[in-house]
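Enquirer: I have a structure here, written as structure tokens, and I will follow up with some questions on it.
The values are calculated or read from the model by the stated rules, or taken from the named source; none is laboratory data. Remember, it's a predicted structure, so these values are computed and weren't measured experimentally. Note: ideal-geometry Cβ built from the backbone for every residue, glycine included; neighbour counts use all protein chains shown.
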Amino acid sequence: MSATNDSADLEALFESIASDYAPPAATPAPAPAPEPAAAANADSDDLQALFDSIAAETVTPQTQAEPANIQPDAAETASGGEEWPKQEAVFNRIGHMARALHDTLGQLGYDKLLEQTVSALPDAKDRLAYVANLTEQAACRVLNATDIAGPLVDEIESSSSALAARWDKAFANQLGVAEFKQLAEETRAHLKDHIPAKTRATHAQLTEIMMAQDFQDLTGQVIKKVVALAQELEAGLMGVLLEVVPETKRTGEVASLMNGPVVNAEGRSDVVVNQAQVDDLLDSLGF
Amino acid sequence: MADPKMRFLVVDDFSTMRRIVRNLLKELGFTNVDEAEDGAIALQKLQAGGFEFVVTDWNMPNMDGLTLLQTIRATPNLKHLPVLMITAEAKKENIIAAAQAGASGYIVKPFTAGTLSEKLNKIFEKMGQA
């Protein structure tokens, strides 16, 4: 998998720096600041100059014999560039990498794209936080409304069934005249006041649930913007990666058990799309 | 049938989801429900004792649901607890990993009240047999 290769490379790089590293004072001074050339493309020229200065300094040490054993001497003589051959080699490599990346980005026009995208990222973060906030509020409003409406409906059900039980008695001739009269009056009150009051209150909660959906419009707009940004970023990064990453490292998926919801299950055989498939899978395994 | 006083612990990092599960459990007649917002807090509450059923999400900060499940199964005084996972993780390897770790049931989000009821009953049946 590419991830482990990368980290092995990185570790080797880290160790090669760490093993040679001695008191900070001994860090080779960078070459004198390059003369600011034509102002038109200052950034690129600076980089070019920096690169040249590093490359120039490190040509000799790189061609020397394996530097692993000379470390003790180097620590004693401590100054100048040649005592740190390994470190120089690392700087050299980083210089080359930076140069290559910079050139690639420049040639492909990705530098501008990435610059825009990177500056847009904090904005995207805010937008997504806004979406999370609004959806949470909406969920709370809906849950509150159901908490209020539930008991209202339950009450209608229980009072109605109590009356119905008494009407059953009346039809079975088990009620006296006075009782029947009282039942009729209570039923009238139930139909006239009791139920309408409860249904009105329930209706108000249904309206609340409906209004809680107003987040959809707002979050929809925000999400569309973030999706557009993500697509730009993806396209830019993909372009860079395809240029830079060696063929052999281009495949290999991320294996993780915490991927969140499957956003698009089409054409995938490694995911389930409903509860029935979960159950079938577990059954097939004997759980 | 299960005891309506059975004490549930609902573990999810989203309060909305905890509330939904709690409401569904209430509709099914289980009103004795406590909540925890991640596996670490859940474990603390479980250690304090008194719980008879755990409903947990998978993807949570501090301690995820699978680790919680594994820890429960590895803890002598907790390992008998039924653990139902309700999660958005829908990869087959997730389901297999959960089953192997000893999950009592696995529900993928989004889910319905019917599914929850069905899975709970299935778990109660198994507990009754045991």
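Enquirer: Of the conditions (1) at positive phi; (2) of a type outside the set (Ser, Thr, Tyr); (3) under 11 Å from the mean Cα position of the chain (by Cα), B:Asn62 satisfies every one except a single condition; which number is it?
Expert: (3)
Enquirer: Another one. Identify, from the list A:Ala235, A:Ala230, A:Ala255, the residue that is at the interface with chain B (Cβ under 9 Å from one of its Cβ atoms) and either under 29 Å from A:Ala98 (Cα atoms) or at pLDDT below 80 (or both).
Expert: On the way: A:Ala235 fails: at the interface with chain B (Cβ under 9 Å from one of its Cβ atoms); A:Ala230 fails: at the interface with chain B (Cβ under 9 Å from one of its Cβ atoms).
Criteria check complete, one pass: A:Ala255.
Enquirer: Name the single residue, out of those in segment B:72-112 being assigned to a helix (DSSP H, G or I), within 12 Å of another protein chain (Cβ to nearest Cβ) and of a type in the set (A, V, I, L, M, F, W, C), that is surrounded by the fewest Cβ atoms within 10 Å (Cβ to Cβ). Before you say what the answer is, go through the steps one by one.
Expert: Keep residues of segment B:72-112 that are assigned to a helix (DSSP H, G or I), which gives B:72-74, B:92-100.
So of that shortlist, the ones also within 12 Å of another protein chain (Cβ to nearest Cβ) come out as B:92-100.
Add one more test, that the residue is of a type in the set (A, V, I, L, M, F, W, C), and what stays is B:95-99.
Working: B:Ile95: 25, B:Ile96: 15, B:Ala97: 17, B:Ala98: 26, B:Ala99: 19.
Step by step, filter segment B:72-112, then rank; the result is B:Ile96.
Enquirer: Out of all the residues in segment B:48-56, is one or more more than 13 Å from the chain's Cα centre (by Cα) and either more than 28 Å from B:Glu27 (Cα to Cα) or of a type in the set (Phe, Trp, Tyr) (or both)?
Expert: Residues of segment B:48-56 more than 13 Å from the chain's Cα centre (by Cα): B:48-50.
Imposing the further condition that a residue be either more than 28 Å from B:Glu27 (Cα to Cα) or of a type in the set (Phe, Trp, Tyr) (or both) reduces the set to none.
No: segment B:48-56 contains no residue that is more than 13 Å from the chain's Cα centre (by Cα) and either more than 28 Å from B:Glu27 (Cα to Cα) or of a type in the set (Phe, Trp, Tyr) (or both).
Enquirer: Restricting attention to segment A:178-196, does a residue exist that is surrounded by fewer than 16 Cβ atoms within 10 Å (Cβ to Cβ) and within 14 Å of chain B (Cβ to nearest Cβ)?
Expert: no
Enquirer: For segment B:44-63, which positions are within 14 Å of chain A (Cβ to nearest Cβ), surrounded by fewer than 22 Cβ atoms within 10 Å (Cβ to Cβ) and within 20 Å of B:Lys119 (Cβ to Cβ)? I'd like the intermediate steps shown before the answer.
Expert: Going through segment B:44-63, the residues within 14 Å of chain A (Cβ to nearest Cβ) turn out to be B:56-63.
Those still in the list that are surrounded by fewer than 22 Cβ atoms within 10 Å (Cβ to Cβ) too: B:59, B:61-63.
Within segment B:44-63, just B:Asn59 meets the criteria.
Enquirer: Under the condition of being under 15 Å from the mean Cα position of the chain (by Cα) and assigned to a helix (DSSP H, G or I), which residue from segment B:27-43 is nearest to the other protein chains (Cβ to nearest Cβ)?
Expert: Residue satisfying both the conditions and the ranking: B:Gly39.
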